[in-house]
Amino acid sequence: MPSPKAQHTKVFEYIVWDLLEKSTVKDVAYYCRLNWKTIKEIDKRRLKRRLPKFRYKDLRYLALDKIYLGKKMKYKTIVLNLEAKKIIKAYDGTTGEKYLNSWIERANINKIR
């Protein structure tokens, strides 16, 4: 569903969604003669609609992992749902560890070390 300020129709969004299935955001933006940020916003709405909403009560096993991505990108901290084998959240740097207790409280998980 286009936002109220959008300058395009719902049908156009569906066309862009279909193009995004087969191509990159940059290529679709070039093809449609639009800024890539506009196409990216349409893509975000598509993903938000398509992906299921995360439910904390379904979370039983939580993992935190730090990944080094090289000199330029440094570290990423990833919060994982171990049962579903899915990434829940990704943080820049090693700051994810300070959010661990809030994740445990929200999901009502017993902490195991």
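Only the coordinates and a few stated rules stand behind these numbers; no lab work does. Everything quoted here is computed from the prediction, not taken from an experiment. No Cβ is skipped: glycine too gets one built from the backbone with ideal geometry, and neighbour counts run over all protein chains shown.
Data table
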| read-out | value |
| --- | --- |
| Tally of residues being among the hydrophobic types (A, V, I, L, M, F, W, C) and within 14 Å of the chain's Cα centre (by Cα) across region 43-84 | 6 |
| Close pairs (7 angstrom Cβ cut-off, 6 or more residues apart or separate chains): surrounded by 12 or more Cβ atoms within 10 Å (Cβ to Cβ) in region 11-28, not in a helix (DSSP H, G or I) anywhere | GLU13/PRO2 |
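Here is a yes/no grid of residues against (1) crowded, with 16+ Cβ neighbours inside 10 Å; (2) under 30 Å from VAL11 (Cα atoms); (3) free of Cβ contacts under 8 Å to residues at least 24 places away in the same chain:
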| residue | (1), (2), (3) |
| --- | --- |
| LYS37 | no, yes, yes |
| LYS57 | no, no, no |
| LEU69 | no, no, yes |
| THR77 | yes, no, yes |
| ILE88 | yes, no, no |
